[in-house]
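Report on one structure; see the data block that follows.
The values are calculated or read from the model by the stated rules, or taken from the named source; none is laboratory data. Since the structure is predicted, the reported quantities are computational estimates derived from the model, not experimental observations. Virtual Cβ from ideal backbone geometry, glycine too; neighbours counted across all protein chains shown.
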Amino acid sequence: MAVHEVRVISLPELKDPRSESLLYEIRHSLNIHSVNKIVTAKVYRFEGISAREAEFLAQNLLAEEIFQRYTVNEPIINDADILVEVAYKPGVMNPEAGSILKAAADLGIQNLLAADSSYEYGFFGSVSDEEMRLILSRLLVNETVERVVREKPATLIIQGSPGKTKVIPISSMDNDALMELSRHNHLFLNLEEMRTIQKYFAGLGREPTDCEIETLAQTWSEHCVHKTFKSTLVVDGRRKKSMLQRLQEATSAAGHPLVLSAFVDNSGVMAFYEGLALCGKVETHNSPSAIEPYGGAMTGSGGVFRDIMGTGKGAKVIASTDMFCFAPPDLPAEEVPEGCLHPNYLLRRVVAGVRDYGNRMGIPTNNGSVHFHRDFRAKPTIIVGAYGIMPAEDARKGQPENGDIAVVVGGRTGRDGIHGATFSSGEMTNRTIDVNASAVQIGHAVEEKRMSDALLRARDNKLIKAITDCGAGGFASAFGEMGQHTGVRINLEKVPLKYPGLAPWEIWLSESQERMALAVAPQNLPHLMAICREHNVEATAIGEFTDTGKLEVYYGDERVCELDMEFLHHGLPQRIMTARRESRRVEVKEPGPPRDWVKVCTQIMSHLNICSKEPIVRMYDHGVQASCALPPFAGVSCSAPNDAVVLAPVPGKKYGAVIAHGLNPVLNTMDPYAGGIWAAAEAVSNAVAVGADPAELVLIDNFIWPYPDEESLYDLDRAVDACVDFVKVTGMPFISGKDSLSSTYRSSDGKVIKIPPVLCISCFGRVKDVTATVSSDFKRAGSSILLVGKRDINQMGCSIYFDIVGGRSPFIPLVDTAALVKVWRAVHRACRNGTVTACHDISEGGLLAALAEMCFGGSVGAEITVPEQARADYFLFNETAGCFLLETEDPAAVAEQLENVPWLLLGRTAAEKLISVKQGQDFLFAVPTDTLFESWRRPMQEVFGG
Amino acid sequence: MKPQVCILRTDGTNCDQETFYAFAKAGGSCRLVHINQLRSGAENLAHYQILAIPGGFSYGDDIHSGKVLSVELAAFLKEQLLDFVESGKLIIGICNGFQVLVRTGLLPRGEVGKISVTLMQNDSGHFECRWVNLLVEDTNCVFTRGMQGSMVQYQVAHGEGKFYTAESVLQEIENAGQVVFRYCDAASNRPTLKYPANPNGSLNAIAGICDQTGRVLGLMPHPERFVESFHHPNWRRFNGAEPHGIPLFRNAVRYAEENL
């Protein structure tokens, strides 16, 4: 059927931000100056309707004549030197297509079969082929999901017939053949595991299907079952319990009274107030974000939101957090390893992905951080968190029973995320295009939003017995887990598909986003269906729970999988892994005292790990849900950062949730144990700095580590020791966690880059009254500044200061956790009684950076005195976690709360916007806060503009 | 009886709960109504005195922000909407709701199906969330009675908020006194075209307009995000002032109580 095209463009006299920002990037990121001008047009394609109907849509839907014009089946950019159209690849679902179909139907256009949209760019100037190639490959086209459209497609409809289920003759395979099967099919199973599978099917007296092999590989994958974390370890010859067991035992030994569920659900749950519960989950999405940062970040957000939506019987998502690690955005292009994307592009696209998913879902993104280190050039670390609220009585899943219905809700199933699969779509252009089934897809936030709306209604009507998200492993993982104590039978031919042509195993394993799996009692099914219909959400019964203890999967009459739940979930052989300490040699090079203090201070403030991240935060809707009681930035000009976010998620109630985090990758590289303690201390201190009660906080761990060879495993084990010891001393439990052990990059010439290990600790909890919390901005001139906490000031290893002046030391600041517990309690007491008017945690950059940020917020200056016995630069720039700056007008009253903890009166705030520093009676230096502010703001402004 | 407030929802609406709360706090009796309930006849606008179209990304803001919902409203609820306005009732569209009101044609001229002004992509090219200062103009808008001449602070959070129209239409709404809110500079209290005080490049610094009756209001900033003192980012720096969003919702509820 004919495809008709509508092109829409802004009137020439109007500003065209899309073209302008592209031109800016071409000039600034690629240093190409031959492009004089760009114009951008949107292209819509329709199949099934007439040209007249296409024109009707152009007039009534696509173009607004106040600022646009359109053409039908005609070019619209006629005078450009080069014209390029960029579209999603066939099979990558364009989220806009559904809206076009809906609006066309609402306008009375009945025959529209398919629609698509894309962008067309006209370039003006004498641009060389090589420059154009760079512009396309670096900025415009991500080949994982997009392509340049060179001819008008003959059809928009993807056709295909279902693939067949294959039997894999595993019984006769020798060891080599088994491993070849594992490698060839990307099963990532080792020989012992392959032989276990072989033996299981020998016992059954038959060969497995592709579906069964894939189900086992998925269920037994590192990603799903965390083999490394569950392995018994032999560390330098000494046997240790598995890392997961140690973490879980530490949490249960802590016996924290607020914990409702830890490590058993999609997120960890703690008690909130008035019969409500809070839950939290933090995930990583590194590999997808490395190849397609926009889609990868989106699906990362979407996935972690579904973890919250799939906790207990379903929670409402109330907050999102994002923590990123990249190489510096100004990394020379030739230093980017082959096959990797430039960090500047990665940073901007990841931010855009988080922005577009969170904002569209209506979830405030209001806590996060960005860290830079050259060694992230091969792969970024992308951490996304989500937090939710639900009735405490719904905090635990019910047990599906024989006869309960298995329901899939939300988006349709496609080939998304099926590793290495390709599909042919010869019908598209009369040529055969091999489409790399996207390992990443474009997230569809509105699909997830309406699904969330419907599911919360269903939960409140008590229609949901159990719910989980379809993430990694798709249905296999979701229903395999949900039915593990009973049995479940699924009929794959009932699953709604994005397009025909999927083999049964592909439907079963697909990782298409925006889907949830439910167990529903049969009598509740009609009500659930009605709620979903009202919310424009597709819901389909695809099977039922049984009492067979088996996972049975059918495609029509054909049985494509039958596995014993016992074998599936408990057949995986227990691993023993060995870890070995490798000695690190780091020379000690202590710098002399600085000659130019002002220069050092401005360099610290403009360091990428210190500088303001406000341009990023401004792109996230951090105010939606109207819950924010302490925003990420506040102060006189709303530009001073706070340590944590405080939310009042229940309208009309003053009780709230606090969310914070801590990480510092370079510390883990140097000393994984001390770095681990530092991260946890930093996370909790951030929460305490805003007024949270340390007794009402819980933790989430995320280990993002290189592939666990013996050395990396040793480091990982030490980081776990740090977490366990932290729980023992502080009594603060971990209630959720995740590991991702693939931060290793191998280039084609065999060179290996180990990405710095990251331990990110997130901290969340409850606060009785959000109006009794504290921000970081100084409130007035002339008040006292107190320094509280036990600092380890001569340990300067991995500090920003050493990075700037070229110092080196293996000795990173050690945190005395026992002393820190007392400091937290003291700071909390002082904040709670209202005598503290501002509080800020000292972290990277040290005391001076924290002080400067407090001055920015208050539009004031400060006069401080360094103790005579201290080395002044170390005193000002040391980064011991768990230390605080407090502002008060009543230092005596605050001092009363600080019994038994180290503190000193540091100085006073001043009306003049100047930080001046003395040591004893000697004047050291003075620096205008405006100077520091400018250097602090500039780096991210240069990346993001504005 | 308390005034009945219909908080309209659809796929991608996401400021419905806080809009509900703001009207409820002001004394309204609120109900979240999905557009499918209006289309099916299970709900009818005639039962309500106030219609609120909240912020969000209705249908993903595909094609244009608010466009798909506007098309749906114009196709299926045109009569109900026109009846609603003609019977003297109140409509407010906030952020995405404002985009919907201009794309249905209800603002500024009250002609469903005829678009005369638009909200374009921000000059900055991206979504932006920040607090802005707004000058409340002296108009007949019932939502801002008693607020005229004052400066209020609300949060904006949008990617497509640049008010744009033809010069003649701009003159028409200026002359008719339909501009209700303008972005202004905090120091001078005067309307500004300068970023970021004017966060999107709106013509004449226009942040919100009403129809000629003063009973249909659309604005990009979010008054519902400032109905508790602690909603303001700097509530710790000053005390006591009434949250700036409250009078707007209270005016609407009072007007409905007294007139409808």
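Is it fair to say residue A:621 is of a type outside the set (A, V, I, L, M, F, W, C), at the interface with chain B (Cβ under 9 Å from one of its Cβ atoms) and either surrounded by fewer than 24 Cβ atoms within 10 Å (Cβ to Cβ) or touching a residue at least 12 places away in the same chain (Cβ under 8 Å) (or both)? First the steps, then the outcome.
On the way: of a type outside the set (A, V, I, L, M, F, W, C): yes; at the interface with chain B (Cβ under 9 Å from one of its Cβ atoms): yes; either surrounded by fewer than 24 Cβ atoms within 10 Å (Cβ to Cβ) or touching a residue at least 12 places away in the same chain (Cβ under 8 Å) (or both): yes.
Spelling it out, residue A:621 is indeed of a type outside the set (A, V, I, L, M, F, W, C), at the interface with chain B (Cβ under 9 Å from one of its Cβ atoms) and either surrounded by fewer than 24 Cβ atoms within 10 Å (Cβ to Cβ) or touching a residue at least 12 places away in the same chain (Cβ under 8 Å) (or both).
Among the residues of region A:602-622, those identified as closer than 20 Å to residue A:932 by Cβ and either assigned to a loop (DSSP other than H, G, I, E, B) or touching a His at 6+ places or on another chain (Cβ under 9 Å) (or both) are A:607, A:608, A:609, A:610, A:611, A:612, A:613.
Of all the criteria given as (1) more than 16 Å from the chain's Cα centre (by Cα); (2) buried (at least 24 other Cβ atoms within 10 Å of the Cβ); (3) among the β-branched types (Val, Ile, Thr), the one not satisfied by residue A:405 is (2). Residue selection: residue A:35 fails the criterion of being surrounded by 15 or more Cβ atoms within 10 Å (Cβ to Cβ), under 28 Å from residue A:499 (Cβ atoms), away from every other protein chain (no Cβ under 14 Å) and in contact (Cβ under 8 Å) with a residue 40 or more places away in the chain.
Filtered by the rule that a residue be surrounded by fewer than 18 Cβ atoms within 10 Å (Cβ to Cβ) and not in a loop (DSSP other than H, G, I, E, B), region A:162-180 gives A:167, A:175, A:176, A:177, A:179, A:180.
Only one of these is surrounded by fewer than 24 Cβ atoms within 10 Å (Cβ to Cβ) and either touching a Gly at 6+ places or on another chain (Cβ under 7 Å) or of a type in the set (A, V, I, L, M) (or both): A:819, A:862, A:830, A:881. Name it.
Values: A:862 fails: surrounded by fewer than 24 Cβ atoms within 10 Å (Cβ to Cβ); A:830 fails: surrounded by fewer than 24 Cβ atoms within 10 Å (Cβ to Cβ); A:881 fails: surrounded by fewer than 24 Cβ atoms within 10 Å (Cβ to Cβ).
So the residue among A:819, A:862, A:830, A:881 that is surrounded by fewer than 24 Cβ atoms within 10 Å (Cβ to Cβ) and either touching a Gly at 6+ places or on another chain (Cβ under 7 Å) or of a type in the set (A, V, I, L, M) (or both) is A:819.
Of all the residues in region A:228-277, those that are buried (at least 16 other Cβ atoms within 10 Å of the Cβ), in a helix (DSSP H, G or I) and of a type in the set (S, T, N, Q) number 3. Across region B:160-190, the number of residues qualifying as surrounded by fewer than 22 Cβ atoms within 10 Å (Cβ to Cβ) and touching a Cys at 6+ places or on another chain (Cβ under 7 Å) comes to 1. Residues in region A:60-81 that are within 14 Å of chain B (Cβ to nearest Cβ) and surrounded by 14 or more Cβ atoms within 10 Å (Cβ to Cβ): A:60, A:61, A:62, A:63, A:64, A:66, A:67, A:68, A:69, A:70. With respect to being more than 16 Å from residue B:201 (Cβ to Cβ) and out of contact with any Pro (no Cβ under 6 Å at 6 or more places or on another chain), residue B:160 falls outside the description.
Among the helices (runs of 4 or more DSSP H) confined to region A:435-526, the ones with at least 3 residues that are over 29 Å from residue A:570 (Cα atoms) are located at A:445-460.
Out of the residues in region A:732-771 that are among the aliphatic types (A, V, I, L, M) and modelled with pLDDT of 95 or more, state the one that is nearest to residue A:382 (Cα to Cα). Working first, answer last.
Within region A:732-771, the subset among the aliphatic types (A, V, I, L, M) is A:732, A:735, A:741, A:752-753, A:755, A:758-759, A:761, A:767, A:770.
So of that shortlist, the ones also modelled with pLDDT of 95 or more come out as A:732, A:735, A:758-759, A:761, A:767, A:770.
Details: A:732: 25, A:735: 21, A:758: 10, A:759: 12, A:761: 14, A:767: 28, A:770: 30 Å.
Per the stated criteria, the residue is A:758.
When region B:97-130 is limited to residues that are surrounded by fewer than 22 Cβ atoms within 10 Å (Cβ to Cβ), among the basic types (Lys, Arg) and out of contact with any strand residue (DSSP E or B) (no Cβ under 7 Å at 6 or more places or on another chain), the one that is nearest to residue B:6 (Cα to Cα) turns out to be B:109. Evaluation of residue A:644 against the conditions (1) under 17 Å from the mean Cα position of the chain (by Cα); (2) more than 9 Å from every other protein chain (Cβ to nearest Cβ) shows that the sole unmet condition is (1).
Of the residues B:47, B:64, which single one is away from every other protein chain (no Cβ under 13 Å) and either touching a Pro at 6+ places or on another chain (Cβ under 9 Å) or modelled with pLDDT of 95 or more (or both)?
B:47
The sole residue among B:256, B:252, B:207, B:187 that is modelled with pLDDT under 95 and farther than 19 Å from residue A:628 by Cβ is B:187.
Condition test on residue A:215, is it under 29 Å from the mean Cα position of the chain (by Cα), among the hydroxyl-bearing types (Ser, Thr, Tyr), part of a helix (DSSP H, G or I) and closer than 30 Å to residue A:764 by Cβ? So residue A:215 does not fit the description; no. Only one of the numbered conditions (1) touching a Cys at 6+ places or on another chain (Cβ under 8 Å); (2) surrounded by fewer than 23 Cβ atoms within 10 Å (Cβ to Cβ) is not met by residue A:778, and that is (2). Quickly run through region B:10-41 and pick out the residues that are facing chain A (nearest Cβ under 9 Å) and assigned to a loop (DSSP other than H, G, I, E, B). Within region B:10-41, B:10, B:11, B:12, B:14, B:15 qualify. When region A:327-343 is filtered for residues that are at pLDDT 95 or above and in contact with a strand residue (DSSP E or B) (Cβ under 6 Å, 6 or more places away or on another chain), only A:328 remains.
Taking the condition of being closer than 22 Å to residue A:632 by Cα and not acidic (Asp, Glu), how many residues in region B:114-166 meet it? Show your work before the answer.
Step one: of region B:114-166, the residues closer than 22 Å to residue A:632 by Cα are B:124, B:126-133, B:152-159.
With not acidic (Asp, Glu) added as a condition, the list becomes B:124, B:126-127, B:129-133, B:152-159.
Residues meeting the conditions: 16.
Evaluate the following for residue A:289: is it at pLDDT 95 or above, polar (S, T, N, Q) and in contact with a helix residue (DSSP H, G or I) (Cβ under 6 Å, 6 or more places away or on another chain)? Spelling it out, it is not the case that residue A:289 is at pLDDT 95 or above, polar (S, T, N, Q) and in contact with a helix residue (DSSP H, G or I) (Cβ under 6 Å, 6 or more places away or on another chain).
Considering region A:454-474, and only residues there that are charged (D, E, K, R) and closer than 16 Å to residue A:391 by Cα, the residue that is surrounded by the fewest Cβ atoms within 10 Å (Cβ to Cβ) turns out to be A:462.
Every condition in (1) at the interface with chain A (Cβ under 8 Å from one of its Cβ atoms); (2) buried (at least 24 other Cβ atoms within 10 Å of the Cβ) is met by residue B:75 except one, and the failing one is (2). Checked against (1) at pLDDT 95 or above; (2) of a type outside the set (D, E, K, R); (3) loosely packed, with under 12 Cβ neighbours inside 10 Å, residue A:601 meets all criteria but (3).
Scanning region B:113-153 for residues that are touching a Phe, Trp or Tyr at 6+ places or on another chain (Cβ under 6 Å) and closer than 22 Å to residue A:628 by Cα yields B:132, B:134, B:153. Is at least one residue of region A:393-403 touching a helix residue (DSSP H, G or I) at 6+ places or on another chain (Cβ under 8 Å), in contact (Cβ under 8 Å) with a residue 12 or more places away in the chain and among the small types (Gly, Ala, Ser)? Yes: region A:393-403 contains one or more residues that are touching a helix residue (DSSP H, G or I) at 6+ places or on another chain (Cβ under 8 Å), in contact (Cβ under 8 Å) with a residue 12 or more places away in the chain and among the small types (Gly, Ala, Ser). Residues that are within 14 Å of another protein chain (Cβ to nearest Cβ), in contact with a helix residue (DSSP H, G or I) (Cβ under 7 Å, 6 or more places away or on another chain) and within 17 Å of residue B:170 (Cα to Cα) within region B:183-214 comprise B:193, B:203, listed in sequence order.
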